[in-house]
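**Q** Please find one structure pasted underneath; my questions will follow.
The values are calculated or read from the model by the stated rules, or taken from the named source; none is laboratory data. What you are looking at is a predicted structure, and each value in this text was computed from that prediction instead of being measured. Because the Cβ atoms are built from the backbone with ideal geometry, glycine has one as well, and the counts that use them run over all protein chains shown. Accessible surface areas use protein heavy atoms only, side chains included; no ligands, DNA or RNA. Shrake-Rupley method; radii C 1.70, N 1.55, O 1.52, S 1.80 Å.
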Amino acid sequence: MSEESLYAGLTREETRKFGRIDANMQSDFLTGYDVSARPIWFTPGMFVESIEESDTLLKTDRVKYNVVDEIVPSTSKSTVFDKKGNRNFIDRNNIATFGSIESVLPNQKVFTIGISKEERFLSCYAPQDVYLMGKKRTMFEVLGVSDVVRLQEDELQETIPTQVQMEDLNEYFSYTIHDVNARYFLVQGKALKCWRVHFYLDGKSITRFLPGVFVERAERYFGGSS
C-alpha cells in the first residue's frame, strides 16, 4: 500500500483539495492533498505475518483478468443486443477491461510507521478504529498502536521499504528493489543516513530504521523541518 494511499485513507481524505481528478494533474499527489494542513506521513503499508516479523513480507492474492470484447477488440467499446437481436456498440465506461486485481485476504496484517512534527497527529489513532483504504475502499481495522516516540539519528542500518526516486538510490550503501512503477521504486536497504525508531507494541520491544530520504521528503511535504 503506497505512502499516498495510506495518507489519504488514514486522514479520511480530510485535506483533499478537489472534487474530481483533472487529467492534467499528472499524478501529483500534492496537487490533490494539502499535506501541510495535516502534517503526517506514513511508510508504505507492508503485508506481514506479524509485527515482530515485519521484515518478512507477505504477498497479497493477485488475479489477472481480461474482459475485452472479442467481437470488437477494444477496451473503450462493448457490444449489446437489443430486444430485436440487433447488435449495438456502446462506450465501456463502468467496467475495468483488463489488468490485475490484488485482494486483501482475511487476517492479513499491514505494518506502517507514521511520522509528524506534531504529536497530536500521531496520538489520535487507536485500536478498533476502522479506515477505508485504496480506490476500492477496502476496510482496515487498527489492531495495535505504539506510544509516540522521537526519531534518533543513525547511519548504515537496514531500513524498512520506502518509496524513492532513481536519484535517491545514491543515498543507500546497498539496497533491494522490491517493485518498480511509473512513479517510484520500492526500496529496502542499508541507508547511509537513517533514523532509528524504538517502540513497544503489545509488550514487545521493536526497533526499525527509516531512510533519511523518507524523512527529508516528509519534511518538504510538511513545509519545514520536523
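**Q** Which residues, counting only those in segment 21-38, are more than 19 Å from the chain's Cα centre (by Cα) and modelled with pLDDT of 85 or more?
**A** Of everything in segment 21-38, just one residue is more than 19 Å from the chain's Cα centre (by Cα) and modelled with pLDDT of 85 or more, namely A37.
**Q** Still on this model: Out of S146, S116, I need the residue that is surrounded by 15 or more Cβ atoms within 10 Å (Cβ to Cβ), closer than 13 Å to F214 by Cα and hydroxyl-bearing (S, T, Y). Which one?
**A** Going through S146, S116 in turn, the sole match is S116.
**Q** Here are some residues: T207, T176. Which one is outside any loop (DSSP other than H, G, I, E, B), surrounded by fewer than 18 Cβ atoms within 10 Å (Cβ to Cβ) and touching a residue at least 12 places away in the same chain (Cβ under 8 Å)?
**A** After applying the criteria, what remains is T176.
**Q** Within segment 159-173, how many residues turn out to be of a type outside the set (D, E, K, R), outside any loop (DSSP other than H, G, I, E, B) and open to solvent by less than 50 Å² (accessible area, probe 1.4 Å)?
**A** Residues meeting the conditions: 5.
**Q** Follow-up. Report, by residue number, each residue of segment 102-117 that is assigned to a loop (DSSP other than H, G, I, E, B) and charged (D, E, K, R).
**A** The one that is assigned to a loop (DSSP other than H, G, I, E, B) and charged (D, E, K, R): K117.
**Q** Any residue at all in segment 182-200 that is touching an Asp or Glu at 6+ places or on another chain (Cβ under 7 Å), farther than 12 Å from T43 by Cβ, in a loop (DSSP other than H, G, I, E, B) and in contact (Cβ under 8 Å) with a residue 24 or more places away in the chain?
**A** Scanning segment 182-200 turns up at least one residue that is touching an Asp or Glu at 6+ places or on another chain (Cβ under 7 Å), farther than 12 Å from T43 by Cβ, in a loop (DSSP other than H, G, I, E, B) and in contact (Cβ under 8 Å) with a residue 24 or more places away in the chain.
**Q** How many of the residues making up segment 118-158 are of a type in the set (F, W, Y), part of a loop (DSSP other than H, G, I, E, B) and in contact with a Gly (Cβ under 7 Å, 6 or more places away or on another chain)?
**A** Number of matching residues: 0.
**Q** Oh, and also: If you check F18, F98, F111, F47, which single one turns out to be of a type outside the set (S, T, Y), out of contact with any helix residue (DSSP H, G or I) (no Cβ under 6 Å at 6 or more places or on another chain) and at pLDDT below 80?
**A** Exactly one residue qualifies, and that residue is F98.
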